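Participant: Can you read through this structure? Questions will come right after.
The values are calculated or read from the model by the stated rules, or taken from the named source; none is laboratory data. Quantities reported herein were computed from a predicted structural model and do not represent experimental measurements. Positions of Cβ are backbone-derived with ideal geometry, glycine not excepted, and every protein chain shown enters the neighbour counts.
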Amino acid sequence: MGENTAPIQSADLSGIIERLEKAMGPDREVDAQIWLATTPGTTRNWLEVKSTTNQWPPYIIDETRDADGRLIIVPAVTTSVDAAIALAERVLPGWGGLISLGSGTSIHCADLWSERRGNQSSEDEEEDPLPMGEEAHAEHACLPIAIVLATLRALQSKGEA
């Protein structure tokens, strides 16, 4: 892949969102796609390493780098609640949210809203609902994925996507 310097594109997020909606659990490839789509200046290449003496089988090294060219480990946003929340905080500064935990095999929910909603009372919200792009909702059996889905939907709907 090459360097990512462009703003987040809706098509990029649409494909990732679709893949997350179908996901049965965490996915490191999707983590990398999310990082590349939401972090300007990042790059990703693969290096195939082969033994010249055939002492070991060939393997692939994923070289994902930040904007400064440093080799990084992509945050596990589909695995870790902390990483999923950190993503939301990084790409949606000033937004708030609510996470609802399901029990057992239940569905978890994530709701995010803009700073404007955070400053509204319940009465204000009824009189002056938020326009599109200032809130997002997602449900998934995997809590980190629910949080990431809500985050990506918010980015997509607020027009940055």
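Participant: Take the stretch 32-53 and flag every residue that is in a strand (DSSP E or B) and free of Cβ contacts under 8 Å to residues at least 24 places away in the same chain.
Facilitator: Across the stretch 32-53, the qualifying residues are W46, L47, E48, V49.
Participant: In the set E21, E29, E63, which member is free of Cβ contacts under 8 Å to residues at least 24 places away in the same chain, part of a helix (DSSP H, G or I) and either of a type in the set (V, I, T) or exposed (fewer than 14 other Cβ atoms within 10 Å of the Cβ) (or both)?
Facilitator: E29
Participant: Assess whether A76 counts as being among the hydrophobic types (A, V, I, L, M, F, W, C), assigned to a loop (DSSP other than H, G, I, E, B), more than 17 Å from L13 (Cβ to Cβ) and at pLDDT 90 or above.
Facilitator: So A76 fits the description; yes.
Participant: Would you pick out the residues in the stretch 66-97 that are closer than 15 Å to Q33 by Cβ and not aliphatic (A, V, I, L, M)?
Facilitator: P75, T78, T79
Participant: Of the numbered conditions (1) touching a helix residue (DSSP H, G or I) at 6+ places or on another chain (Cβ under 9 Å); (2) within 17 Å of I145 (Cβ to Cβ), A86 satisfies every one except a single condition; which is it?
Facilitator: (1)
Participant: Could you count how many residues in the stretch 37-56 are closer than 30 Å to T151 by Cα and among the small types (G, A, S)?
Facilitator: 2
Participant: What number of residues within the stretch 123-156 satisfy the criterion of being charged (D, E, K, R) and either surrounded by 15 or more Cβ atoms within 10 Å (Cβ to Cβ) or at pLDDT 95 or above (or both)?
Facilitator: Residues flagged as charged (D, E, K, R) and either surrounded by 15 or more Cβ atoms within 10 Å (Cβ to Cβ) or at pLDDT 95 or above (or both) within the stretch 123-156 amount to 4.
Participant: Go through (1) touching a Phe, Trp or Tyr at 6+ places or on another chain (Cβ under 8 Å); (2) closer than 27 Å to T42 by Cα; (3) at pLDDT below 95 for E115 and report which single condition fails.
Facilitator: Evaluating E115 over (1) touching a Phe, Trp or Tyr at 6+ places or on another chain (Cβ under 8 Å); (2) closer than 27 Å to T42 by Cα; (3) at pLDDT below 95 leaves (2) as the failure.
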